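What follows is a single structure, written as structure tokens, with notes after it.
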Amino acid sequence: MDIKIETESELDEQSSKNSESDHLCMSRRSFLLSGSSAIVLSTMPGIAAAVKLAVKEYPRVKIASLKDLKTDVPIDFSYPPNNPVSSFFIVKLGEEAGGGLGKNKDIVSFSNLCSHMGGPLHGTYKPGHKAMGPCPLHLTTFDLTRHGMVISGHATEALPQARLEISGGNIYATGVSGLIYGQHDNLG
Ligand code: FES
């Protein structure tokens, strides 16, 4: 049996060919993962409509006026509006928070449903700690100044946070970061 021993230069040549083909492969993959493919597809007749249908958009909904908000007093609202089980609250924390809006970056909004098993968090706001909880089911508490991350308890996921926008003295919900408990798609 012949055993071919490759020289260093042959190995170098082989490795450069491999990296070239890896590069081509990555380029194709990157292209497919990039928005470019969506742009190309969306310019093809008939496919544009399908692409539009696949990308659902959150509605922009007025949820309160700035003058309605009092520090440490949460206000409940439904969002997205076509989701009957989804309840959120908005609260002015009185201290800066991740994702906070307003002059002091202290206005935030989160789901009222615990991210562990959907326990109802209504009425569990703790002004002294700027926290929500403990959840009545398994005692998880969430930090509202840090994007709803878990302080303690059984939950492993942060509380879903509503994205907000302020315009003309009004506050609008424009989306949700994180999956609302019990939903496979926040928009239904
Ligand atoms: S449902 Fe809230 S901690 Fe389990």
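Quick note: the coordinates plus some simple rules give every number you see, no bench work behind them. This is a predicted model, so every value here is computed, not measured. Cβ: placed from backbone, ideal geometry, glycine included. Neighbour counts: every protein chain shown.
A few remarks follow.
- Filtered by the rule that a residue be crowded, with 20+ Cβ neighbours inside 10 Å and either on the phi > 0 side of the Ramachandran plot or under 16 Å from the mean Cα position of the chain (by Cα) (or both), region 169-188 gives 173, 176, 180, 181.
- Test result for residue 166, buried (at least 20 other Cβ atoms within 10 Å of the Cβ) and away from the ligand (no atom under 16 Å from the Cβ): no
- Count - residues of region 102-136 that are within 13 Å of the ligand (Cβ to nearest atom) and loosely packed, with under 15 Cβ neighbours inside 10 Å: 4
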